1. Which one is farthest from GLU135 (Cα to Cα), of the residues in segment 278-298 that are of a type in the set (A, V, I, L, M, F, W, C) and under 18 Å from the mean Cα position of the chain (by Cα)?
2. Here are ALA203, ALA209, ALA217: which of them is in the same structural domain as VAL319 (by TED's automatic domain parsing) and assigned to a strand (DSSP E or B)?
3. What are the pairs, 6+ residues apart or on separate chains, where a residue within segment 6-26 that is without any contact (Cβ under 8 Å) to a residue 12 or more places away in the chain and assigned by TED's automatic domain parsing to the domain that holds GLU39 has its Cβ under 7 Å from a residue that is hydrophobic (A, V, I, L, M, F, W, C) and crowded, with 22+ Cβ neighbours inside 10 Å?
4. Would a scan of segment 98-115 turn up a residue that is farther than 25 Å from TYR301 by Cα and free of Cβ contacts under 8 Å to residues at least 40 places away in the same chain?
5. Which condition from (1) in contact with a Pro (Cβ under 7 Å, 6 or more places away or on another chain); (2) under 23 Å from ASP169 (Cβ atoms); (3) surrounded by 24 or more Cβ atoms within 10 Å (Cβ to Cβ) is the one that ALA323 breaks?
6. Determine which member of the set LYS117, LYS131 is assigned by TED's automatic domain parsing to the domain that holds ARG104, of a type in the set (Lys, Arg) and within 30 Å of GLY331 (Cα to Cα).
7. Would you be able to say whether some residue in segment 211-218 is surrounded by fewer than 15 Cβ atoms within 10 Å (Cβ to Cβ) and of a type in the set (A, V, I, L, M)?
8. When you look at HIS107, is it at pLDDT 95 or above and on the phi < 0 side of the Ramachandran plot, yes or no?
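The values are calculated or read from the model by the stated rules, or taken from the named source; none is laboratory data. As the structure is a computational prediction, the values presented were derived from the model and not from experiment. Here the Cβ positions follow ideal geometry from the backbone for every residue, glycine too, while neighbour counts run over all protein chains shown.
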Amino acid sequence: MIVIDASPAVHRKAGLGRYAEELIGALVAQAETGKTDHEIGVFYHDALRAAPSRLIQSLNCFATTQTPYPWRLRALISHWLNLAQDELFSRAQTNTRAPLPAPRLFHATEHLLPRFKGLKTVFTLHDLIFKIFPEYHLPRNRVFLTLAMPSFLRRADAIICVSEHTKRDAMRIYRLPEDKLRVIHEGISPRFRRMLDSSALRATQARYALPDRFILAVGTIEPRKNLITLFKAFRALLEEDDSLAPELIVVGKSGWLHAPTFRAIHDLGLTGRVRLLSGVEDEELVKLYSLATVFAFPSLYEGFGLPPLEAMACGAPVVASNAASLPEVCGQAALLLPPLDVQAWTQTLRRVLTDHDLRRDLQARGPAQAGQFSWSRAAEETRRIYDELLR
């Protein structure tokens with residue numbers, strides 16, 4: 001059995017949760033069609049507060065009740081003292097009365113890898129933000145990752161990097177051998193496609209009281225997402241012509257260090273013009289992407305960056321930062337800007353909002369670019385790594 005850490009999915013951890021859930025789903029689909037004979041199981045910690053999806057519940061599950069920080073400390077100590085954690089699965093809670101087969105491989109998906117000695121291990125490296133922008137991490141998270149990441153990367157039998165940019169960061173910062181690193185891009189779910197049902201779109205527009213024209217941003221609200229730059233550019237647009245886009249809609253839950261972002265809305269006089277929506281399910285998010293006049297993504301750093309691709313797949317014109325992995329992900333289908341250049345963001349957003357032909361061009365390019373990334377492809381490439389390690 002191959003066991004994949006589903007912890008970020010069952011604890012709803014934004015991008016990491018999306019990665020774990022979608023990859024597990026695609027691997028299970030391949031197993032069901034006979035493309036692989038590997039049985040897929042899942043593991044998660046903090047079982048008492050977990051909210052596993054139907055997909056996760058349908059699989060063989062190993063779970064521990066250890067809460068996040070004791071669980072992380074246990075993993076770190078297991079590396080420092082070279083203590084095998086293989087018995088974790090024999091002691092874990094399971095969702096079946098019958099004994100489960102012993103795992104042969106463990107896939108770590110949220111930057112945490114226990115020390116196993118009898119299992120092969122795969123480690124997905126999403127990003128190294130804690131090294132590049134340490135000020136954007138909570139101190140305890142930064143300290144943990146600084147201490148633990150070298151051991152995790154050294155002990156893993158194979159490392160999946162979600163972008164070429166993340167691979168370059170890993171080689172530069174940790175001097176990792178290139179042959180241990182595999183780039184496997186994340187994917188776009190088929191449910192992200194342009195909504196053409198006008199009645200459904202009108203219902204969503206009415207539900208959120210959306211104007212006919214608006215700018216949309218999606219992502220966890222935290223400093224790295226650089227929303228304050230977008231707020232400043234939006235204010236400049238309003239001062240020029242408030243009919244171009246009367247509102248900026250931000251979809252995402254609050255992350256760490258979010259207070260300055262919330263404060264900026266008030267300080268810039270944007271109360272009532274910038275609206276924050278949380279708890280938006282994918283079905284509604286597709287409609288918001290489809291309704292948006294322009295999608296803006298000014299992030300300072302992304303290991304991959306799913307929201308711009310989701311927006312493209314739904315036919316939204318995309319303006320994004322030119323930082324980190326975003327040029328790699330967005331290709332020629334988005335307008336890319338320096339993340340902190342307020343004037344450039346103001347001018348480019350104005351250009352997209354006023355140029356109908358430009359919007360149509362971006363809308364035409366987006367789905368083709370997004371179509372290059374799929375979870376089925378990610379699962380196929382991931383399965384090849386499993387096969388190589390278990391052969």
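1. In this case the residue turns out to be VAL286.
2. ALA217
3. Matching pairs, first to second residue: GLY17/ALA9.
4. Among the residues of segment 98-115, at least one is farther than 25 Å from TYR301 by Cα and free of Cβ contacts under 8 Å to residues at least 40 places away in the same chain, which makes the answer yes.
5. Every condition holds for ALA323 apart from (3).
6. One residue alone meets the criteria, LYS131.
7. No, that holds for no residue.
8. So HIS107 passes the test.
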